[in-house]
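Student: Below are the structure tokens for one structure; questions will follow.
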Amino acid sequence: MKTAVEKPAKSGNPLTGARRGFGRAMDRVRDRWADAPWWQRWTVYVLLIGLALILPSDFFASFMSPHTHWPSLLFNPIGVYILLAVGLNIVVGHAGLLDLGFVAFYAIGAYNMALIGTKFGWNFWAILPIGILMTAVSGIILGAPTLRLRGDYLAIVTLGFGEIVRIIAENTDAIGASRGITNIPHPPNMFGLEFLLDPLPYYYLLVGVVVAVIIFARRLERSRVGRAWTAIREDEDAAEIMGVPTFKFKLLAFFIGAMIGGLTGVVWASKVIAIQPANFPFILSATILAAVVLGGSGNLPGVMVGAFLIAWLPERFRGLADYRILAFGAALVIMMALRPEGLLPSRQRKAELSEGSGTEASAEVGK
Amino acid sequence: MLNDFIDQFGPSTVGGLAAGAIYALIALGYTMVYGVLRLINFAHSEIFMIGTFSGLAVIMTLGVSEPQSGIALIGLLLLLSVVAMVGSGAAAVALEQIAYRPLRKKGSSRLAALISAIGASIFLQELFAIVVIPHLYDHPRGRDNIGTQQLLDKEPLFTLGNTDVRPDHLIVIVASIAMMIALDFFVNRSRIGRGIRATAQNPETAVLMGINIDRIVRITFFVGGCMAGIAGLLYLLQFEETRYNIGFVLGIKAFTAAVLGGIGNLRGALLGGLALGLIENWGAIFFGSAWKDVIAFTVLVVILMFRPTGILGESLQVARA
């Protein structure tokens, strides 16, 4: 764990120095964290959950979001992005499969909630498992034929899949075509929370879901499955030779990633009353992928920080209105040039990225 | 159903070939860059978009107000092609310099390069939507379609059965095949072309043989950009409108065409482009034109499943180009 990989210092660029300094400080924090006894860690976990619960209060709202209603913002985009990013992180960060159509799973989850909720009048809690299951199955349907492809082909196929799902939704009259579906039922009241127009109860519901998903993702990461994913990500051929059934595990990554995407879709659709195909554009897939990469692909806290920043910064600086997406595009390019491993990189990933895979002479990008 | 198909077979074949010719020209840029760098130049669709806007700028500056014919038309088209090629080519070179070269020098992962490409693509689209179009094109609503003056008479040239062949269709198809032949000569016969093929085959050895890779990469991006510029111009000629995100769907389809023909393979790009245009248009007779995009993407998925190397195989690197 402690093999900090340092590249030889190349330039006197102060920015480079600052980056290294930040990296070292983070390493120290992480070493402390790795050595901390269990009760210290649990205290931090509990404090974090406590923080999440008091986050919607006016105290935070005053400086976090002077322009927009803060609890609404916390639910969507912040909470939704975090959940989607955690799901995509399993596919991209752990298994190393580049998915540019993740929004399709989110859409399928949302459409399940909307369709079953309006047509059969089922309860949110009954639809939840069905929505997750249906989305997971769609993950298999997408993955089974395409996961034999190499990385960048896979990226384009998933992008195509995302577009196909959106266009089908747009062209099918049975599911409302481009008008979408309206009058989606809210979840039933429980624990004294009334699920109506107020975003707060939905936010608490989402916090619960996020905590559950994080525990799930964490356990998975540290299991045999997680190790298999790492092996596949680092060298698929070597993993196969070592007896890892790579195809099966890649499919599993798609399956689980899709499940989390679908889950997010169901929860989101239960709040918004109406959904439309236009809610699921390609740019959303790109944004979530950017969140994962910005935060540090493969590292759960990093990914969550990345998603938070990507969701929150544009809303915080509404004054810049139109220029937000422009700045977002430029930030991606600059980020990749300066710190391709992300803000809080997974250490393992960092080591991989800084391995000399390309030299000045080599025209190949990456391996 | 079958009667419909027979009825519309002629017109959709012509439409399909014209659409496919444009896909093929864009596909060349993807295929060349992929051949040399193993990189999907995701922002290539924006290079195409810049081509359409370069053409538009010339039309607006010259104040063309009616369809042209004869010498005036030929002169205008030549001027437009030069400007569109230079505009798109320069944009492609700048893109390489800013978004890809720093990553290449660091030997970053392909994922990083792809994210950088997506970032560049978003940046260029937004740049046009909120800065360039409202200010340089006097079009305050930058996200709307922007129409242009009709450049040539679109009366059918001749009719085959029930199929009208319009001059713009003919120009698009002929021009793209001519560009394709020129490019094929350039890559296979010229010194620089040999450098491109060598780099595609094995960059390390190419360097040892005295090839300046940076220069080759720059030229590859420039040539790919030129082709996208021509494609942009032809698109403008045919549909007489453009918008800031015009490249997105066309770009994905052009990439599909490149994969269909065999990525890295120049002749494959032509074949893939025309085939995709035809499949899409013939499919639209059965399913309706709203499903065109779904048909194209389904073709992509099916091709990748059964023959990921495409119809002609990946071959810029086997030195045949």
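Student: How long is the stretch B:178-303 along each principal axis, judged by its Cα atoms, biggest number first, in Å?
Tutor: Result for the stretch B:178-303: principal-axis Cα extents of 54, 32, 25 Å.
Student: To continue, here is another question. Averaged across the residues of B:295-303, what count of C-beta atoms belonging to other chains lies within 10 Å of each residue's C-beta?
Tutor: Working: counts 1, 3, 9, 3, 1, 8, 10, 1, 1.
Per-residue shielding by partner chains comes out at 4.
Student: Measuring from the lowest to the highest alpha carbon on each principal axis, how far does the stretch B:1-145 reach, largest first, in angstroms?
Tutor: Principal-axis extents of the Cα atoms in the stretch B:1-145, largest first: 54, 45, 31 Å.
Student: Report ³J(HN,Hα) in whole Hz for each residue of the stretch B:136-151, in order, from the Karplus equation J = 6.51 cos²θ - 1.76 cosθ + 1.60 where θ = phi - 60°; Gly and Pro get x.
Tutor: So the J values, rounded to whole Hz, are 8, 10, 6, 9, x, 8, x, 9, 8, 5, 10, x, 9, 5, 5, 8.
Student: A further question on this structure: Please report the projected area of the stretch A:59-119's Cα convex hull averaged over all directions, in nm².
Tutor: On the way: hull surface 24.4 nm².
Computed as one quarter of the Cα hull surface, the answer is 6.1 nm².
Student: Once the Cα gyration tensor of the stretch B:230-321 is found, what semi-axes does its equivalent ellipsoid get, as square roots of 5 times the eigenvalues, in whole Å, sorted largest first?
Tutor: Details: eigenvalues 110, 63, 22 Å².
Sorted largest first and rounded, they come to 23, 18, 10 Å.
Student: Could you give the dipole magnitude of the stretch B:98-170 about its Cα centre, charging the beta-carbon of Lys and Arg +1 and that of Asp and Glu -1, in debye to the nearest 20?
Tutor: Details: 9 positive and 7 negative charges, 173 e Å.
Dipole magnitude for the stretch B:98-170 comes out near 840 debye.
Student: Just want to confirm a number: the relative contact order over chain A, from Cα pairs under 8 angstrom separated by 6+ residues, in percent. Intermediate results must be reported in sequence, preceding the final value.
Tutor: On the way: 500 pairs, mean separation 101.3, N = 367.
It comes to 28 percent, rounded to a whole number.
Student: Per DSSP helix of 4 or more residues, -39500 (n - 2.57); summed, then divided by the residues of the protein assembly as shown. What does that give at 222 nm, rounded to the nearest 500? It would help to have the intermediate numbers written out before the result.
Tutor: Working: 29 runs with 470 residues, N = 688.
Computed mean residue ellipticity for the protein assembly as shown: -22500 deg cm²/dmol.
Student: Next up: Inside 10 Å of the C-beta atoms of A:234-244, what's the mean count of C-beta atoms belonging to other chains? Each step should come with its number before you reach the end.
Tutor: Details: counts 0, 0, 0, 0, 0, 0, 0, 0, 0, 0, 0.
That average works out to 0.
Student: Taking only the alpha-carbon atoms of chain A, what semi-axes of the equivalent ellipsoid follow from 5 times the gyration tensor eigenvalues under a square root, in whole Å, largest first? Write out the running numbers ahead of the final one.
Tutor: On the way: eigenvalues 220, 131, 86 Å².
Whole-Å semi-axes of the equivalent ellipsoid: 33, 26, 21.
Student: Continuing with this model, one more query. For the protein assembly as shown, evaluate the Debye formula with one uniform point scatterer on each Cα (no solvent term) and list log10 I(q)/I(0) at q = 0.05 Å⁻¹, rounded to two decimals.
Tutor: Listed by q, the Debye log ratios stand at -0.25.
Student: For chain B, evaluate the Debye formula with one uniform point scatterer on each Cα (no solvent term) and list log10 I(q)/I(0) at q = 0.10, 0.11 Å⁻¹, rounded to two decimals.
Tutor: For chain B at q = 0.10, 0.11 Å⁻¹, log10 I(q)/I(0) is -0.56, -0.68.
Student: Follow-up. Give me the one-decimal Kirkwood hydrodynamic radius in Å for the stretch B:87-157, with the sum taken over alpha-carbon pairs. Don't skip to the answer; put the middle values down first.
Tutor: On the way: mean 1/r = 0.0673 Å⁻¹.
Averaging 1/r across every pair of different Cα atoms and inverting gives 14.9 Å.
Student: Among A:Ala286, A:Ala212, A:Ala169, determine the one that fluctuates most according to a GNM of chain A built with springs between C-alpha atoms less than 10 Å apart.
Tutor: Taking springs between Cα atoms under 10 Å, the residue moving most is A:Ala212.
Student: Please identify every one of the chymotrypsin sites (Phe, Trp or Tyr not before Pro) in the stretch A:176-225 that sits in a loop by DSSP and has no more than 13 other beta carbons within 10 Å of its own beta carbon. Walk me through the numbers on the way to the answer.
Tutor: Details: sites: A:Phe191, A:Phe195, A:Tyr202, A:Tyr203, A:Tyr204, A:Phe216; in loops: A:Phe191, A:Phe195.
Here the sparse-neighbourhood loop sites are A:Phe191.
Student: DSSP loop (so not H, G, I, E, B), at most 12 other Cβ within 10 Å: list which chymotrypsin sites (Phe, Trp or Tyr not before Pro) in the stretch B:6-72 pass both filters. Show your work: numbers first, answer last.
Tutor: Values: sites: B:Phe9, B:Tyr23, B:Tyr30, B:Tyr34, B:Phe42, B:Phe48, B:Phe53; in loops: B:Phe42.
Listed in order of number, the matching sites amount to none.
Student: Please report, to one decimal in angstroms, the Kirkwood hydrodynamic radius of the stretch A:95-214 built from all distinct Cα-Cα pairs.
Tutor: Details: mean 1/r = 0.0620 Å⁻¹.
Answer for the stretch A:95-214: a Kirkwood hydrodynamic radius of 16.1 Å.
Student: Hey, another quick one. So how strong a dipole does the protein assembly as shown carry about its Cα centre when Lys and Arg Cβ are +1 and Asp and Glu Cβ are -1, to the nearest 20 debye?
Tutor: Working: 54 positive and 45 negative charges, 497 e Å.
Roughly 2380 debye, rounded to the nearest 20.
Student: Still on this structure: What list do you get for B:Asp164, A:Asp31 if you sort them by fewest beta carbons within 10 Å? List each step's numbers first, then the result.
Tutor: Numbers: B:Asp164 16, A:Asp31 13.
Final ranking by Cβ density, sparse to dense: A:Asp31, B:Asp164.
Student: Over the alpha-carbon set of the stretch B:99-224, work out the extent along each principal axis and list the three values in angstrom, largest first.
Tutor: Principal-axis extents of the Cα atoms in the stretch B:99-224, largest first: 57, 41, 24 Å.
Student: Counting only other chains, what is the mean number of Cβ atoms within 10 angstrom of the Cβ of each residue in peptide A:335-342?
Tutor: Numbers: counts 4, 17, 12, 2, 1, 10, 3, 1.
That works out to 6 on average.
Coordinate-derived values only; no laboratory data. Small disclaimer: the values here were computed from a predicted structure and weren't measured. Note that each Cβ is placed from the backbone with ideal geometry, even for glycine, and that neighbours are counted across all protein chains shown.
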